[in-house]
Amino acid sequence: MAESENVIVARGLTKVFKDFWGRPKARAVDNVDFEVKQGEVFGLLGPNGSGKSTTIKMILGLLHPTHGRLEVFGHSPRHVPTKSRIGYLPEESYLYRYLNSAETLQFFGNLFDLPPAERKRRTAQLLDMVGLTQAQTRVVGEFSKGMQRRIGLAQALINDPALLILDEPTAGLDPIGCREIKDLILALARRGKTVILSSHLLSDVEDVCDRVVVYYGGRIQAMGSLKELLTTPDTLQITTPALRPETMRQVLDLIKKEVVEDKVRIDNPTQNLESYFLGIVQRAKELAEQTSGATSGNRVAAYLQGDGASASQADRVLDRLAAPAPVPETVAPAPQPVDLTNVKRLESLAKPAEPTPVRASTPAREVETKADLAKANDKLASLLNKPR
């Protein structure tokens, strides 16, 4: 596939953290080269501190590379329209603890400018998909770790991302939830979505990833498809139905002519514990057993499903999410006639008030006032001269 068709391209990607004085403190990612193709599930593996989270933060545009080149959909990770095509589930679910499940999804849908009707529709379908419909009125601060991961996954899908980045998506989930997450990841990839999965649960990575890189010390120590990395070329495994003892002895005699006897191993194949556990739970559900915990998702959200009637549930995911939500047309209101009466009234109120004229006193009033003053002075003088 040409480099222009890759979703992510990293060439010489390096990130060096520095101290307060600008001196190099830690080389978290050291000269890394890789590309992620459209429609594949790409795994990031490595011990703690190996550079996985730093790489994810640079893809998201939260950190800027010190050296090298990094492109996402052919643009810089800081390209704002590119960010709207990414869904992200962090290792720790950063949720507003006093919002309930429905309000949480409505909030994230509003960040992507989804119309109210579309936000409501997707919220209901995602809650049903992650098994939280019955708990949608509970505030997320009361949720267990597994239930927070479920609502976190729902918010990562609210915007129909073309690139989905999942950091430890199954942490805290029960085996049923883990299986549902892995089925959803596979369905997303089949519909052309690109998924980056960072996990310490190697069994999860092995179940869903097409290619992986193994980090250690900030460098890629191994990269390739799981078949390339896990196949042991000098060992052969043959699986057959149960054979009769006579046939088994004949087969062993032929094999012993080619290899040393102690290198031959014969045993019965076993299913893994996850398959066994899910079988037990499925039988209990068929017997209508009740539970008060989080339920398994009944079906993939309808807006994530395809149109093929004969496709399996996993194959019906994400046919309709590529197109952006329609923007309703805005009709300008017709101009209304101006009420001139109100305008004139406002103009009159806006004028400054005229000063009230002061009336000049008449001569007669002045005479009366002088006479009163004289009487008051005479009375005061008589009171002062009166013997005590």
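Read-outs: derived from the displayed coordinates by stated rules, not from any lab. A quick note: this is a predicted structure, and the numbers were derived from the prediction, not measured. So basically every Cβ, Gly included, is an ideal-geometry build from the backbone, and we count neighbours across all protein chains shown.
Worth a mention:
- When restricted to residues that are crowded, with 16+ Cβ neighbours inside 10 Å, closer than 23 Å to residue 205 by Cβ and more than 20 Å from the chain's Cα centre (by Cα), segment 37-65 contains 4.
- Just one residue in the set 165, 176 is of a type outside the set (Ser, Thr, Tyr) and assigned to a helix (DSSP H, G or I); that residue is 176.
- Any chance residue 137 is over 30 Å from residue 32 (Cβ atoms), of a type in the set (S, T, N, Q) and assigned to a loop (DSSP other than H, G, I, E, B): yes
- The residue list 86, 181 contains one member that is surrounded by 16 or more Cβ atoms within 10 Å (Cβ to Cβ), touching a residue at least 40 places away in the same chain (Cβ under 8 Å) and not acidic (Asp, Glu), which is 86.
- In segment 90-101, the residues that are free of Cβ contacts under 8 Å to residues at least 60 places away in the same chain reach residues that are of a type in the set (Val, Ile, Thr) and in a loop (DSSP other than H, G, I, E, B) with C-beta atoms within less than 6 angstrom, at least six apart or across chains, in these pairs: 100/137.
- Failed item, numbered, when residue 202 is tested on (1) under 18 Å from residue 7 (Cβ atoms); (2) surrounded by fewer than 21 Cβ atoms within 10 Å (Cβ to Cβ): (1)
- Among residues of segment 37-54, those that are among the hydroxyl-bearing types (Ser, Thr, Tyr) and under 17 Å from residue 6 (Cα atoms), counted: 0
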